[in-house]
Amino acid sequence: MLTNDRLAPQAPWRDNRAWLRRIGAGVTVAGMLAVTGCTSSVSGSESTGSRSAIPGPTSGLAAGDTSRGADNFYTSDRVSVQPVTFTNQYGMNVAANLFVPNDIDRNTTNPAIVVGHPMGAVKEQSANMYATKMAERGFVTMSLDLSFWGHSDGQPRNAVSPDIYAEDFSAAVDYLRTQSFVDRERIGALGICGSGSFVISAAKIDPRIKSVATVSMYDMGAANRDGLRNAVTLDQRRQILTRAAEQRDVEFAGGEVAHTGGTPYELTDQSTAVDREFYDFYRTARGNSPDTTTQPTMTSNVKFMNFYPFEDIATISPRPLMFIAGDQAHSREFSEDAYQLAAEPKELVIVPDAGHVDLYDRTDLIPFDTLDEFFRNSLQTS
């Protein structure tokens with residue numbers, strides 16, 4: 001199922017230049033933002049364990065392509081789920097789900113993994129499923145809504161703040177380290193899509209994160225500055241910045257908040273292959289959640305231009321890194337770039353016949369055995 005990228009043939013890249021067509025309409029480059037929701041309880045509190053923390057598919061939508069084991073809303077009788085909240089250092093409540101294997105020995109300490117959702121998504125999209133699958137393998141796991149998204153605090157909704165996103169992962173580690181059945185020194189992080197870049201950003205400054213794995217990673221900084229395959233010119237970048245700055249004036253004067261990028265609500269004959277790939281997950285029962293639009297605010301999204309998660313990535317060493325990407329994924333370049341810049345120990349895993357969104361939920365393709373081995377070794381558990 002898996003190949004080492006240094007031995008595997010390079011898959012042809014899709015042509016991403018067509019994605020530039022929407023700049024003039026005031027929507028930022030789709031190639032840059034394709035991946036791109038409450039009442040909170042008392043900080044650090046938790047409710048009774050229940051599988052009801054994982055909702056089912058949204059009714060009334062097309063089913064979507066559920067081939068190859070697509071199972072975004074997977075639940076397990078072997079795992080208990082507890083909705084929890086905790087505060088980050090900015091005093092914002094972060095909503096999360098805590099997954100605990102039913103057969104875990106709570107009289108000893110166990111390894112744990114924090115799981116982050118794709119950019120613009122919520123924990124109910126991909127992160128819960130990964131957390132459940134890894135909990136079945138014996139890990140205590142946690143999925144979380146990044147600030148400004150889902151049921152976590154943050155105004156305006158859908159705002160972009162890479163520093164606060166990274167802080168949310170550290171706050172999750174804060175919480176896990178207070179749990180009597182979690183080993184404080186054996187906590188890792190797993191980031192899907194945009195969260196891959198956020199967990200790297202967090203791990204660079206938080207040595208309590210002992211290992212990091214990413215799946216279908218987007219470098220949200222490079223994706224916004226340069227687009228895929230460096231398709232965005234400097235002039236186009238300036239147009240995006242100008243448009244966002246003008247929108248700040250509109251909103252300061254009381255105008256309506258504008259959003260940008262994200263997944264289209266309708267497909268047309270002009271929709272790109274990547275538009276269709278994301279639509280099939282986010283706009284169908286396969287992965288839809290009513291708690292997210294996937295569309296960040298226009299004025300905040302430009303903050304990604306100042307986000308450089310791979311800068312100094314080598315300083316994470318000697319903590320291990322694993323980058324997983326599909327061989328057909330339009331985002332593959334980001335995992336390859338991170339791998340080249342990272343120091344040992346590191347591993348690049350390329351999944352054959354897999355695209356970017358395939359690794360969100362297609363359980364027949366996702367290399368859970370590889371993730372299990374990685375975290376078992378890096379968190380030193382038998």
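Nothing in this text is a laboratory measurement; each read-out follows from the coordinates by a stated rule. None of these values were measured; they are calculated from a predicted model. Here the Cβ is made from the backbone with ideal geometry for all residues, glycine too, and neighbour counts use every protein chain on show.
Shape class for the range 243-355, computed from the alpha carbon gyration tensor (a ≥ b ≥ c): oblate, with a/c not under 1.5 and a/b at or below b/c.
Over all orientations, the chain has a Cα convex hull whose mean projected area works out to 18.0 square nanometres.
Seen from S317, the other residues with C-beta closer than 9 Å to its C-beta sum to a net charge of +1, counting Lys and Arg as +1 and Asp and Glu as -1. Each Lys and Arg adds +1 at its Cβ and each Asp and Glu adds -1 at its Cβ; summed about the Cα centre, the range 3-378 shows a dipole of about 260 debye. Taking a straight line from the alpha carbon of K123, these aspartates and glutamates sit under 16 Å away, with near neighbours fewer than eight places off in the same chain left out: D71, D145, D153, D168, D291, D361.
3J(HN,Hα) along the range 278-286, derived from phi through the Karplus expression 6.51 cos²θ - 1.76 cosθ + 1.60 where θ = phi - 60°, amounts to 6, 4, 5, 8, 7, 10, 10, 5, 4 Hz, with x in place of Gly and Pro.
Just name one of Y265, I366, G91: the one whose Cα is farthest towards the positive end of the charge dipole of the range 3-378 (beta-carbon charges, Lys/Arg +1, Asp/Glu -1). With unit charges placed on the Cβ atoms, the residue in question is G91. Sorted on the mean count of surrounding Cβ atoms within 10 Å across their residues, most packed first, peptides 64-77, 93-106, 191-204 read 191-204, 93-106, 64-77.
The H on the amide N of V351, modeled in the peptide plane, is under 5 Å from the matching H of A325, G326, D327, each at least 5 residues off or on a different chain. A simple packing score, the average count of other Cβ atoms within 10 Å per residue, orders the peptides 253-259, 320-326, 287-293, 238-244 as 320-326, 287-293, 238-244, 253-259, with the highest score first. Which entries in the list K133/K210; K133/K204; K204/K303; K204/K346 go over 22 Å, if you measure between the two C-alpha atoms of each? Long pairs (Cα-Cα over 22 Å): K133/K204. In this structure, the amide hydrogen of T214, modeled 1.01 Å from its nitrogen in the peptide plane, lies closer than 5 angstrom to those of G191, M322, F323, I324, counting only residues at least 5 positions away or on a different chain. Among the chymotrypsin sites (Phe, Trp or Tyr not before Pro) in the range 230-315, those located in a DSSP loop and surrounded by at most 11 other Cβ atoms within 10 Å of their own Cβ are Y265.
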